[in-house]
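Just so it is clear, none of the values below were taken in a lab; they were calculated from the coordinates. Being a predicted model, the structure only gives us computed values, none of them experimental. Methodologically, a virtual Cβ is constructed for each residue, glycine included, from the backbone with ideal geometry; neighbour enumeration extends over all protein chains shown.
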Amino acid sequence: MSGYRLSVGGRVVRRHAVTFRFDGKNYQGFAGDTLASALLANGVMLFGRSFKYHRPRGLIAAGSEEPNALVLVDRGPGRRTPNLRATGIEVYDGLTATSQNRWPSLKTDFGAINDRLGMFFPAGFYNKTFMWPRSFWDKLYEPAIRRMAGLGDAPTEKDPDHYASTYAHCDLLIIGAGPAGIDAALEAAGTNTRVILIDEQDEPGGGALADPSLWPWLERSMKALNDAANVTILTRTTAFGYYHDNFIGAVQRLTDHMPQIADGPREKLWRIRAGEIILAQGAIERPLVFEGNDTPGVMLASAAKVFANRYGVAVGKSVALMAAHDSGWHDVFALAKAGVGIVAIIDVRENVDATLLTEAEKLGIMVYLNHSVIGVNGRHRVKSIQVCGNNDYLDGRIACDALLMAGGWTPSVHLWSHSKGTLKWRNDLGAYVPDQANENVCSVGACAGHWDFGNGAVIDMLPTPKGLTRAKAFVDFQNDVTAKDIKLAVREGFRSIEHIKRYTTNGMATDQGKTSNLNCLQIASTALAKPVTDIGITSFRPPYTPQTFGTLAGHAKDALFQPLRKSPIDGWAEDNGAVFELVAQWRRARYFPKVGEDMHIAVNRECVEVRSSVGIFDASTLGKIEVVGPDAAEFLNRMYTNPWKALEPGRCRYGLLLKEDGFITDDGVSARLAPDRFHLTTTTGGAARVLNMMEDYLQTEWPDLNVWLTSTTEQYAVIAVQGPNARKVLEPLVAGIDLSAEAFPHMAIREGVICGIPTRLFRVSFTGELGFEINVPAAYGRALWERLIVEGAHYNITPYGTEAMHVLRAEKGYIIVGQDTDGTVTPHDAGLDWAVGKKKLDFVGRRSLTRPDIVAPGRKQLVGLLTDDSNLVLEEGAQIVADPNQPVPMKMIGHVTSSYWSETLGRSIAMALIAGGHKRLGETLYIPMPDKTHTAKVSGMVFYDTQGARLNV
Amino acid sequence: MSDILARSEPVPTLPFVGVGVTISLVTPMARYSLRARQLEALEALLNTKLPHKIGKTENGYACLGPDEWLLRAAVGTAMPKGEGLAVSVTDMSERAICLVVEGPRATGVLLSGCPLDLETFAVGRATRTLYETVEITLIRDSEDRFHVEVWRSFAPWLWIALTTAASH
Amino acid sequence: MILIHCPYCEEKRPEIEFANAGQAHIARPVDPATQTDEEWKNYLFIRANPRGRHHERWRHIHGCGRFFNAVRDTSTDKFETTYKAGEPRR
């Protein structure tokens, strides 16, 4: 290995070497390395190209705040994960990673021309420049910009991994297992509270992992926590969002660090509800803003300490420090002790604590107080730095291969902010810290502003004698925002940080400005000559770090994407080649094609068989509600438009349900089983809605009524047997019910037995033919269906699906709520005046039927529509006009709601909602379509058996 | 008619056996929804004591709402209909099926999609709740054994969801 | 995900078990037929949309099934109280 691996130190396992690939080249690292530390150890400092200017970029940080070193990890098809931070990727044998946003290679990137043209790419450049003509966007600007600017490529293959998900509950959740978090956990260990301690890293310890003097304490503490039965420790787990009532979303990475792709889930989503939350997220060191601060090799002082002490890697052989804070001094002292060569400490301050100077002198480090770095030499790696006195502007050059920045500290208040806790500004820290909590939560340690890193100066930028207009002094490294961009935004009139942020895109990259937000605030504050607290603060929003869509989806994919409800007879339909369609969450058999049949032929056959002999249909999905109690009839009378009190037990009635606004919301045939018991049916999609609506009236408007509702949708399988031979099919199978026309008329219900099973047998029809609907306990639905298929074979009993059902009902002019109505259709509009009880003083929606808008002329009304070309089947949804020669845009007077080919009638039929439709009978209307304008005549809605003779047989 | 039709079940009748957890379909049972504003009216009709706090179970009766009880009993158990009384007795034996989730991991498997704090959910408690978006009625039978009642049409989905979670 | 106290179950339960049911304390007129168009319009369509304290109805639809009333702050999403249907406005 190259000379950047220190001979001793770190927590890496030196006896366990691993081989990995980066940009096509093999490297060696140790178990315990991150991709970042292992590459550094190999002397690699160039990790990527920047987003906008394609500038060469190295590491800034050692943790999840890293803005630059975004790489793609490739684990095979569907397993290419872009935009991962090299500082968070654990190396393993065979790890394959590549850099991003460069072409053709990292060292030679044609896009870097953007960098030379940087002066032409100010803030808002894309918005201002590529405005006109609009059509250029799609073909020219956007594709070109997308090629040049951007992050990694999203994989296009299906993700083969699966993801687990769980809820968890605890009394105390501690987020962050650094010293503060561990101390909090130790306090709760061994009590009878449930404690969860989570940390995003592979190993608990946080900052202590970079301080060998704390390792014995860390080991003792973790042993105590591991031994405590009440403490659950989750590592590699990121709390990404803090939601209401102490609800935390966290992602645990289970397999990404393993050399072999495991069988188990890749990640697990934890949805944690905590009684109390302790945030111990620590603080993030702040970069300094100066010319060339993005040169590879310029990084945070604290990161250099982590690389040296945790990973045993020197970030350079001759390292300089640019400090505005004492912490940087302590960090380079630690580096010097670890064997890293330190060449100089430059501090922007005039005075620092004498003990620091003494220590520097002892270690033989040159010190430049009241000086600043004004330039960095080297393109792919720091070669030297320009240092200048803050007052005398006398500059000199210091040779070094790494420059550390110590700009002070920013408490991580992200989750605190998600929870809507307030923040207060601390002038001494130059940072916001948690103030008033909005949940049962407290912040401890560095994320609350408590640290022992010493003091620092709060500055916006390092002083520089050079004009700012050409400065490449970066604030947001990931989005390539410079100090100049922020000043430009202020000059152009932006005053609030929320606007400055959006105009410059500062803090809007995938790192959400973890290293840039406060520098941006300080620069804007100076430019506006206002205190930081007067220009606002941007909001942190979940996720804290980017998370995979896979985890957020959890198990909700493929068969588990959403519940697919299946009827008791679904299995038979599947076995018999049905083509299905989705109706609400149900899947229903649409038609049953025989060999060689397409939908059209199959549906024609099914319809003809029903009309000529008998068909069988699975109606199990119809909503059913059992209404029971002494006031059942009174209740239905108030709910439905028609009268219910006089309905005799054993009889059925069509019920029309309005909302209070007078519009049709549902319908169905319902039966009175006993004086105090009704069996209601609703539409398939309306079942839950109708039950909720009825419960609402019952519980809150009429709580005095003694009546109760029970959903029985799934209690019964419902088999419709329809057609002139329906009675003959049932007769041999039914016991205890006289099926004759006299004893069992249309719209009646009988209870009895079919094939040994109790049944509620309805004599009803949605086809216009003699028909029965057999309700049996759901478990017997399939067996009964199969028996009916066998027994009905003499009559060529034909299973039909929802498509034939639609055609058959349309031939009879029966509406489907939700297809022929759209929530703005009254009973009168739908031609259902007959279903409204004229003598009833009240029912839900009645008062609205006399509202001015409802009685006004010109309302859209439901009518039949017969095309002049009888072979033409109109498109459902097609718009209708009265005058086809009017100029575009034409006045549309309605639309086609239902349209089918009727094999029985040998022509097409349609229904339509048309303005003033009831008065247009016989009128010719026009349906303009892309190819030609069709003509059709308004008709009545009943196309077949207008007298209903086929029903009453 | 002496012939008896065969039952069909929406989930496999063979148990799923995972590490630390078994998921199996319970044999058929009778289920009734019992409703009354006055608990005493039902108690008189049924000649039994009913639990009066939501979530409690007693003698197979679970109190699910302020005026609602669920009876789960041996298949074929008949109930008086209470005609004319201010009560409602409705047979819904086949509306739901019941899965038993049993074993040391039972709680963990259910927590994969149920938002309730099942670690503190007392033995004997019953409640309607959700597993992800699907409504279930959850009854804790013992420390390591839950009954999960789910409407028949949702059962295939829930079976896949629970067995997937159990296999993780 | 919010926790909501169900006044019937007498415990806090997760939000996904509940359904919002609009503004509370809007009683259906006893005799709608006597309502003027204006009165009926107000009953049907006119609703408060306050920033802050708001009375609304919820239903513990995947729990005990009951509708109840709540006072929620619309700007913070915090529930001040919940109470049974039929109890006086709080």
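On the principal axes of its alpha carbon atoms, the stretch A:603-689 extends 46, 31, 20 Å, with the longest extent given first.
Spatial offset of the stretch B:76-96 relative to the stretch A:715-766 amounts to 23 Å, using the alpha carbon center of each. Measuring nothing but how far apart in sequence close Cα pairs (under 8 Å, 6+ apart) lie, relative to its length, chain A scores a relative contact order of 8 percent. Calculated over the stretch A:533-591, the projected area of the Cα convex hull averaged across directions stands at 7.5 nm². Please label the shape of the stretch B:1-64 as rounded, prolate or oblate, based on the square roots a ≥ b ≥ c of the eigenvalues of the alpha-carbon gyration tensor (a/c under 1.5 means rounded; beyond that, a/b larger than b/c means prolate, else oblate). Because a/c hits 1.5 or more and a/b fails to exceed b/c, the stretch B:1-64 counts as oblate. Each of A:15, A:950 was scored by other Cβ atoms within 10 Å of its Cβ. Arranged with the fewest first, they read A:15, A:950. What Kirkwood hydrodynamic radius, in Å, does the stretch A:499-640 give when the mean of 1/r is taken over all pairs of distinct Cα atoms and then inverted? Evaluated on the stretch A:499-640, it is 22.4 Å. Scattering from the stretch A:680-825 was approximated by placing one identical point on each alpha carbon and applying the Debye formula without solvent; log10 I(q)/I(0) at 0.15, 0.16 1/Å stands at -0.90, -0.99.
Excluding same-chain neighbours fewer than eight residues apart, the lysines reachable from residue A:52 by a Cα-Cα span under 25 Å are A:107, A:128, A:139, A:383, A:466, A:472, A:484, A:487, A:501, A:514. Taking the empirical scaling 2.2 N^0.38 Å for compact globular proteins as reference, the stretch B:31-130 has a Cα radius of gyration ratio of 1.19. Taken along its three principal axes, the alpha carbon spread of the stretch A:865-918 comes to 38, 20, 18 Å, from the longest extent down to the shortest.
Close amide-amide hydrogen proximity is noted between residue C:5 and C:13, each under 5 Å apart and 5 or more residues distant or on a separate chain (H modeled in the peptide plane; Pro and chain starts excluded). Short to long, the 5 Å bins of the Cα pair-distance histogram for the stretch A:693-772 hold 3, 13, 20, 19, 12, 10, 10, 8, 4, 1 percent of all pairs. Between the stretch A:487-528 and the stretch A:413-465, the alpha-carbon centres lie 18 Å apart.
Checking the a/c ratio against 1.5 first, then a/b against b/c, what shape does the Cα gyration tensor give for the stretch A:825-953? Here the stretch A:825-953 falls in the oblate category. Residues whose amide H lies under 5 Å from that of residue A:410, counting only those 5 or more places away or on a different chain, are A:284, A:285, A:286; hydrogens are built 1.01 Å from N in the peptide plane.
Direction-averaged projected area, Cα convex hull, the stretch A:380-460: 7.9 nm², rounded to one decimal. With neighbour counts taken as other beta-carbon atoms within 10 Å, the residues A:355, A:166 rank, fewest first, as A:355, A:166. Restricted to Cα atoms, the stretch A:644-707 shows a radius of gyration and a Dmax of 12.3, 32 angstrom.
Listed cross-link partners A:424/C:78; A:268/A:624; A:25/A:557 are compared with a 28 Å cut-off, the Cα-Cα value being larger for A:268/A:624; A:25/A:557. For the stretch A:169-185 versus the stretch C:1-25, the inter-centroid distance based on Cα atoms is 30 Å. Ranked by how many other Cβ atoms sit within 10 Å of their own Cβ, fewest first, the residues A:426, A:194, A:907 fall in the order A:426, A:907, A:194.
Along chain A, the longest continuous region that contains none of the GluC sites (Glu not before Pro) in a DSSP loop with at most 16 other C-beta atoms within 10 Å is A:158-349.
Counting only residues at least eight positions apart within a chain, or on another chain, the lysines with an alpha carbon under 23 Å from that of residue C:84 are B:53, B:56, C:12. Cross-link reach is defined here as a Cα-Cα straight distance under 16 Å, omitting same-chain residues fewer than 8 places apart; for residue A:337 the aspartates and glutamates meeting it are A:211, A:359, A:361. From its DSSP helices (H runs of at least four residues, each -39,500 (n - 2.57)), chain A gives a residue-normalised ellipticity at 222 nm of -5500 deg cm²/dmol. With all projection directions averaged, the alpha carbon convex hull of the protein assembly as shown covers 52.7 nm². Loop-located chymotrypsin sites (Phe, Trp or Tyr not before Pro) across the stretch A:556-612 with a Cβ neighbour count of 14 or fewer within 10 Å are A:561, with loop assigned by DSSP. Amide H to amide H, with H built 1.01 Å from N, residue A:438 comes under 5 Å of A:421, A:422, counting only residues 5 or more places away or on other chains.
Among the GluC sites (Glu not before Pro) in the stretch B:66-105, those located in a DSSP loop and surrounded by at most 14 other Cβ atoms within 10 Å of their own Cβ are B:83.
Residues in the stretch A:508-545, backbone N under 11 Å from the label point at residue A:425 (7 Å along the Cα-to-beta-carbon vector): list them, ranges by number please. Correct set: A:521-522, A:525-526, A:529-537.
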